[in-house]
Each structure stands twice: as structure tokens, then as C-alpha cells.
Amino acid sequence: MISKDKSKFILKESTREEFNNLSNWLNPFVKNYRFMPRFKLTNWNGRFDFFNKGNIDFGLWHEAFKCCKEYGYPFNVINKDEFPRDNKITLDDVQNFVNEFFKGFKNSKGQDFIPYPHQVEAAYKMLKHRYGHIEVATSGGKSLIFSIMVFYILFRKPTAKILLIVPSISLVTQFYDDMLDYNFGFNKENKNPLDLRIQEIMSDKPRKVRDDKEPNIYIGTYQSLINWGTDTLEPNFFKQFNVVMVDESHKASANELSTILKRTFGYAHYRLGMSGTYPLEGTSELMAIESVTGPKLITVKARELMDKGLISNVKIKGLILQYDDREFAESVYSIKKHGGGRRAYEIEKEYVQNSEKRKIFLSKLVNKFNSNSLVLFHNIAYGTALYDYFRSNVIGKDFYYIDGTTPSQKREYIKKQMEMTDGNPKVLVGSYGCIATGWSVKAITNVIFADSFKSAHIVIQAIGRSLRLHNEKDKAIIFDIVDQFHSNFKTILYNHYISRRDDLYKKHDYPYDEIKIVI
């Protein structure tokens, strides 16, 4: 049964066997639970309970359905008329709206523009199912998909109010600008045909479309929104929204974002998310996301977009640097084997970041580039060291640097420089945290992973920095720098690469090859 406020899916009747199997299905193990202090020091069994004695977060209704289908159990919803699905909406309906809305729209090159079929289908799926999330590869046009939804809803219900939650300030400004740009294309005489009244929510000089009317679209980061809707700040804020959408919704399992979304339960007619990478099916991490956003509705892979010519072709080159240092490799392997994984990782990172041979190799690689390139790092000290080393040892290129301390105004200046293709190659040395999400520069051809990183989402987002089409770019190349201290020992940094290769590059159908290089 669906609860009145659409927040719970309540089990009303089952056999003991059905109850136990459903409970087990919705109690998955948490990733790496064996290494968590809570598991080691308490009686916690390493599972997360999404079943709650039959009171299931509504977003997980599809997991309950999959369990029943797997075991051959009947799945009947007592009040199925309350199911949040709009059966009146069809794909043709949404496509016809898009055709009319974007009629006469011109892109930045002055060419006729119309959203791609995968973008229309993604918007349709969300409009129809109301609760759910979609997986769309980086550069698949997320801002346009969200805009189609917003325009469709406001066209049919002008009084609707919409909240868009994003992970960074740069995405607040990007979505603000994109929505206004797409809306302008609808009617050249009326520059705001849908009366978009967008309000940014952030600490750094938020913009507002109109001062004379209350906003109908709010865009903010979950860090900025966490205190809203409480007794101390706008207690009724989240109750006003018909639509709540989350960009990069793979982060919905984070405590702050999950808390915000739960404040919309019982009020939002639509609760939707979108990202380029989600955890694996059946995991605790994915269920945590689905509990607040709903099930996955569609997947659009990078390979599909490449085959259709919608994003740049990409090739990943795993450059396996071989140090042939058996003594060091054996030492850190022993530390890792005896439970010192974190310490071993820190020692390996220190080794490679102090390696002069590695810096020489990277500078030679950068020197070969004839187009704009990106060098990504995680550790700021190493990033600044590389930046200084490149500037001293590589000639004929302009170098720029960005990390979390770089002011937004300077970031925008660098972004404009990186878009220039004036025959003088430019290289940006940037931190994963600043560049991997929300940074959109079409003219980047080469990307170097100078630091090892295991986070699946950040790696895929980092690849995405090179996927935008550009008239002077035939193919994007990702150079994944892999440190192998000795071929007899699989140490932590090397295993990170194996995880990237097997769990990400293969999963997303990215072509790759490996080259062993003795340094």
C-alpha cells in the first residue's frame, strides 16, 4: 500500500517466507563494511536496513517489485490508483511540445537546433513516472533535459514551483544561464515567454531574474540549502515546490542531501535525479539513492553518444610506469597485507610525488601536445609542484592553474583562455575537485590523470571534460598514469587502476589500451 503522502510503500500482507526474503533483499551489505570501526567494535552486521519491518521508503518500490519477480511472489498494490505515474503523458506528446517550443531556435553556430531523441526520451520518462532518476553520460545534455521538463511543466501549469539542487556553485550559475538561453529560443519577440523567475541560492552574489515577482525556480547547492526549511530559516520553504530535481544525484546518499530531499516528502509532485554514474545494482549505496529519488528510468551510455556523433570519440591510454623497485614494492605490499592499507597508500603517494623521473616523463608527455590539454591532480602540493615544473621545463605553451582557493573570477578567465585555439597550445593544471564536475570547455583534447583516484564518479566526470565536440578536435585522449613499482607486486596505486579499468572503462564501453614504460 502507498502511504497518503507518497513517502512509504507499506507491506500489508505476506507469508513468513515472503516477508523474510523481502527483508533480506532490502538489507544489503554496505561497501567495505568489514573495514569500518562500527563493524569491528560493535555487533553491527554490516547491513543497512531499508525494509524497516515493512515500512519501505517509497523510492524503493521497484526493488520490492524486483524481489517479488525474482522469487515468483505476487505483487499487488492495494491503492494502485494512488501510484505516482502520469499515464496521460506519451512520448509523442513530449516530442510535439519540444518541436513547437524549439521551432526556430538557433545554436551558438547559428544552426537550427532541436533536442536529441535521447534527451526528449529522458525528459518524457521523468515526466511520466514522476519519481525516479536517469543515468546520462557526461556531455549528454543534462541541463537541456532538465530544461525540457521545466518548460513542459510550466507551460501546462504556470503556477508550478521548481527546486533544482546541484553540488557546486559553478553548476548553479550554469543551469541559471542555460535555462534562460533555451527559453529565449522559443520566442524571439518575447524574451521570457514562460515567465521564468529564477533565483540562485548561494553565498556568492546570487542572481535573480525578477525583483517584482516571487521566484518560480530556485537553484541552489545542497550545502546552501541544508539549513532551509528548519525552524530558524524559512520553515515552510520546501512545502511550496511541485517539482524537486537533483543534478549529480549519485550524491543523494550523502546525509545533507538526503535530509533535504526528505523535507520534500508529501509535497513534491515530482522528485527526480540525474547523474552520469551510479553505484552497482543491488548495493546499499544505490538503494540509499533510490530511497529518496526513486528507481532508475533510463540509461544513456557514452558509447551510444559517441556512435551517434553527439560527443567526441575518446581513447583511454593506460601508461603503466615501471620503476623496477622490488625492495620498495615488497615493503609496501607487506604493510598493506598486515592491515596497514591507508599507511601503504600514503607511502606510495609520497614515493611517486617525489619522483623526479615521473615529473620528467610527464613534462615530456605534455611537451608533445599540440592542442589544449588538462592535467588533473588530487594533492594540491603535487599540483603546484607539477605546474612550476612544467613552466620551467616545457616551452611553447601557456600554463594555467586552478585549485579550490582560486577565485571564481580568475576561474572564468582561465576557462575562456582554454576555449581559445589560436595555434598556441594551452595546458591547465587543475584539481579533480574543481574541474571534474561542472567544468565545460569544448577545446580540451588531452587529459592526464597525474594523480591516482578511485572514486568512480570523479573518474567518469574527469573523462567528461574532454567529451564536448569541437571543430578542431577529432578525438579526445585520456592518459591514465599508472604507477607499478614492481611487476611481482600488486600495490595500492596499481590496484586503483585495475578498478578503473574493469569497473569503469569496460562498464561504460570506453576503448582503452595499455602501454608499459620503464622510467
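The values are calculated or read from the model by the stated rules, or taken from the named source; none is laboratory data. Because the structure is predicted, anything quoted here is derived from the model rather than measured. Positions of Cβ are generated from backbone atoms using ideal geometry, with glycine treated the same way; all protein chains shown enter the neighbour counts.
Structure above, values below:
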read-out	value
Residue within region 197-204 that is modelled with pLDDT of 85 or more, in a loop (DSSP other than H, G, I, E, B), of a type in the set (A, V, I, L, M, F, W, C) and farther than 22 Å from R411 by Cα present	no
Qualifying residue in region 292-301 (condition: surrounded by fewer than 19 Cβ atoms within 10 Å (Cβ to Cβ), among the hydroxyl-bearing types (S, T, Y) and under 22 Å from the mean Cα position of the chain (by Cα))	yes
Strands (runs of 3 or more DSSP E) contained entirely in region 430-519, each with at least 3 residues that are modelled with pLDDT of 85 or more and in contact with a Leu (Cβ under 7 Å, 6 or more places away or on another chain)	446-449, 475-484
Flag if L26 is in contact with a strand residue (DSSP E or B) (Cβ under 7 Å, 6 or more places away or on another chain) and within 29 Å of S455 (Cβ to Cβ)	yes
Residue in region 150-158 that is touching a residue at least 12 places away in the same chain (Cβ under 8 Å) and crowded, with 24+ Cβ neighbours inside 10 Å present	yes
Residue match in region 246-260 (condition: buried (at least 20 other Cβ atoms within 10 Å of the Cβ) and over 14 Å from H133 (Cβ atoms))	yes
Residue ID - nearest to G132 (Cα to Cα), chosen from residues in region 217-245 that are over 23 Å from the mean Cα position of the chain (by Cα) and among the β-branched types (V, I, T)	T230
Residues of region 393-429 that turn out to be in a helix (DSSP H, G or I), exposed (fewer than 15 other Cβ atoms within 10 Å of the Cβ) and either at pLDDT below 95 or aliphatic (A, V, I, L, M) (or both), as a count	6
Any hit, region 157-165, residues being farther than 21 Å from F83 by Cβ, hydrophobic (A, V, I, L, M, F, W, C), in the same structural domain as A254 (by TED's automatic domain parsing) and in a helix (DSSP H, G or I)	no
Any hit, region 447-469, residues being more than 29 Å from K357 (Cα to Cα), exposed (fewer than 15 other Cβ atoms within 10 Å of the Cβ), free of Cβ contacts under 8 Å to residues at least 24 places away in the same chain and not acidic (D, E)	no
Residue within region 318-335 that is touching a strand residue (DSSP E or B) at 6+ places or on another chain (Cβ under 7 Å) and within 30 Å of K251 (Cα to Cα) present	yes
From V375, V314, residue being modelled with pLDDT of 95 or more, under 29 Å from the mean Cα position of the chain (by Cα), of a type in the set (A, V, I, L, M) and not in a helix (DSSP H, G or I)	V375
Within region 33-139, helices (runs of 4 or more DSSP H) holding 1 or more residues that are within 23 Å of the chain's Cα centre (by Cα)	61-71, 117-129
Selection from region 247-286 of residues that are more than 23 Å from A123 (Cβ to Cβ), outside any loop (DSSP other than H, G, I, E, B) and under 14 Å from the mean Cα position of the chain (by Cα)	S253
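Rundown of residues vs (1) of a type outside the set (A, V, I, L, M); (2) without any contact (Cβ under 8 Å) to a residue 40 or more places away in the chain, yes/no style:
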{"position": "T283", "(1), (2)": "yes, no"}
{"position": "E304", "(1), (2)": "yes, no"}
{"position": "G318", "(1), (2)": "yes, no"}
{"position": "D324", "(1), (2)": "yes, no"}
{"position": "K336", "(1), (2)": "yes, no"}
{"position": "G341", "(1), (2)": "yes, no"}
{"position": "L362", "(1), (2)": "no, no"}
{"position": "I395", "(1), (2)": "no, yes"}
